[in-house]
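The values are calculated or read from the model by the stated rules, or taken from the named source; none is laboratory data. None of these values were measured; they are calculated from a predicted model. Heads up, the Cβs are rebuilt from the backbone with ideal geometry, glycines too, and the neighbour counts pull from every protein chain shown.
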Amino acid sequence: MPRLSTGASVVEVEQVLVVPANPRAAAFFDVDNTIVIGASIFHFAKGLAARKYFSTRDLSKFVWQQMKFRAGGEGPERIAKARQTALAFVAGKSVAEIVDVGEEIYDEVIAERIYSGTRALAQLHLDAGERVWLVTATPEELALIIARRLNFTGAVGTRAEHIDGVYTGRLIGDLLHGEAKAAAVRELAAREGLDLSACSAYSDSINDIPMLSMVGRPVAVNPDSALRDEAKRRGWEIRDFRTGRKAARIGIPTALVLGAAGGAVAAGISIGRAQERARHA
């Protein structure tokens, strides 16, 4: 740090204290279970269902398809089915309307589900003058809301097709998952002039090995058991911001955890329907 004369002005002091930005460095963060507790797309879909954008039956079908995709990996058939259901629930809806509702859902549900530890990690990069990007399978409009609310640089997510400001329910390109997410990071790095060896990446999932492997500083955050083992093998950093009870669950096979979650969702939907019937009885 340069020396200051005793007569240095306030402006000069402030200039010295500003951390110079590194135009070649950035941090890439996955969203679900890395930044946000749980699946952001589920929080979003549940918020839309509460506003009667679609039925609880549609919600249960959507959740089941997404859970099968996450549990079953990236086989061509599973990816095709996940693509068909990923954004079908917004088909025919106005982009502007969905974004406005997304802002409300962030305030109501997602804001309190941000991992403070991961948020602090991102802030360290921002304080160092680096850019911070979300890179996620979450729909890009929702990812951009999260990035904006957390004062990040931006977000890259699964892209939904829209014509004349209305969603078609189809995707543009692939779900941003696995190798597709890594390809998106390469494209972003090329566009922004980033040096990947000077960059960091954070994720909870073994599916993000392609993204984690391409940066100079890969970090496993709240990792699933497979990623935890791989991170230990490769000597990567591991950060866990879950409670002790939740962290203990990483030893349970992912499919079983997802099955339990699916049961909880189904139970919640059943209770909701029973309450609905009682109100109209």
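Numbers at a glance
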| quantity | calculated |
| --- | --- |
| Unmet requirement for G169, which otherwise passes all of (1) buried (at least 20 other Cβ atoms within 10 Å of the Cβ); (2) in contact with a Leu (Cβ under 7 Å, 6 or more places away or on another chain) | (1) |
| Filter result for E141 (surrounded by 20 or more Cβ atoms within 10 Å (Cβ to Cβ), of a type in the set (D, E, K, R) and touching a Gly at 6+ places or on another chain (Cβ under 9 Å)) | yes |
| Residue within region 217-234 that is exposed (fewer than 12 other Cβ atoms within 10 Å of the Cβ) and at pLDDT 50 or above present | yes |
| Qualifying positions in region 128-177 - closer than 20 Å to A201 by Cα, in a strand (DSSP E or B) and not polar (S, T, N, Q) | R131, V132, W133, L134, V135, A137, P139, G154, A155, V156, G157 |
| Boolean, A255 is more than 19 Å from the chain's Cα centre (by Cα) and modelled with pLDDT under 75 | yes |
| Qualifying residue in region 106-119 (condition: assigned to a strand (DSSP E or B) and either modelled with pLDDT under 95 or within 16 Å of the chain's Cα centre (by Cα) (or both)) | yes |
| Given (1) within 18 Å of G157 (Cβ to Cβ); (2) surrounded by fewer than 21 Cβ atoms within 10 Å (Cβ to Cβ); (3) modelled with pLDDT under 80, number of the condition A21 does not satisfy | (1) |
| So S213, is it under 19 Å from the mean Cα position of the chain (by Cα), over 17 Å from H125 (Cα atoms), among the small types (G, A, S) and surrounded by fewer than 15 Cβ atoms within 10 Å (Cβ to Cβ) | yes |
| D195 being modelled with pLDDT of 95 or more and exposed (fewer than 15 other Cβ atoms within 10 Å of the Cβ) | yes |
| Looking only at region 144-161, and only at residues there that are buried (at least 19 other Cβ atoms within 10 Å of the Cβ) and not hydrophobic (A, V, I, L, M, F, W, C), the one that is nearest to M211 (Cα to Cα) | G157 |
